[in-house]
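What follows is one structure encoded as structure tokens, with my remarks underneath.
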Amino acid sequence: MHPRLDMQKAAPAAFKAVLGLENYVQSSGLARSEIHLIKLRASIINGCAFCVDMHIKESRHDGLSEQWTNMMSVWRESPVYSARERALLGWVDAVTNLAGTGAPDADFEALKAHFSETEIANITVAIGAINVWNRLAVGFRFQHPIDKPRAAA
């Protein structure tokens, strides 16, 4: 797989606009762990290797456990996530898979039990932002770095 184009060079104003949305998400008041959860789960759903690689590394850098990141793809079957995180994961799934889910009332009600209206609005913007990044990364074939293998001990 080869990159198709460099968006920063091809459309710098568009890239700057998406980056502006990202900057809003980062300063929205959502907890870092919630932002990681949103970005990693949506990236898994969208099959974005570039973003999955980045968000796993960022999650671990911020102290989230290996199990927390590893179980994200099977979150419904894992007790590692709190009720609040599970409500958030359900909303990420619903909004990312919008054509198939229609963002059901049950998922929204579960979210309302744990988050304020402001938080819900910011969560949904964060979901939209990572979905934009995923579409750009998959569509333009962004390449994730290959980690150097560890030397044998």
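The values are calculated or read from the model by the stated rules, or taken from the named source; none is laboratory data. Nothing here was measured: the structure is a model prediction, and the numbers come from that model. Cβ coordinates were reconstructed from backbone atoms using ideal geometry, including for glycine residues, and neighbour counts include every protein chain displayed.
Numerical summary
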{"item": "Matching residues in the range 25-47 - criterion: being assigned to a helix (DSSP H, G or I) and not β-branched (Val, Ile, Thr)", "result": "GLN26, ARG32, SER33, GLU34, HIS36, LEU37, LYS39, LEU40, ARG41, ALA42, SER43"}
{"item": "Some residue of the range 52-61 being polar (S, T, N, Q), within 16 Å of TRP133 (Cα to Cα) and either in contact with a helix residue (DSSP H, G or I) (Cβ under 8 Å, 6 or more places away or on another chain) or assigned to a loop (DSSP other than H, G, I, E, B) (or both)", "result": "no"}
{"item": "Selection count, the range 34-69, where residues are over 27 Å from ALA99 (Cα atoms) and of a type in the set (Gly, Ala, Ser)", "result": "3"}
{"item": "Unique match (being modelled with pLDDT of 95 or more, over 22 Å from ILE120 (Cβ atoms) and assigned to a helix (DSSP H, G or I)) among TRP68, TRP91", "result": "TRP68"}
{"item": "Subset of the range 94-120 (residues that are outside any helix (DSSP H, G or I) and of a type in the set (S, T, N, Q))", "result": "ASN97, SER116"}
{"item": "Qualifying residue in the range 69-81 (condition: more than 30 Å from PRO3 (Cα to Cα) and among the basic types (Lys, Arg))", "result": "yes"}
{"item": "Residues (among the polar types (S, T, N, Q) and in contact (Cβ under 8 Å) with a residue 60 or more places away in the chain) located in the range 42-93", "result": "SER43, ASN46"}
{"item": "Odd one out for ARG32 among (1) without any contact (Cβ under 8 Å) to a residue 24 or more places away in the chain; (2) touching an Asp or Glu at 6+ places or on another chain (Cβ under 9 Å)", "result": "(1)"}
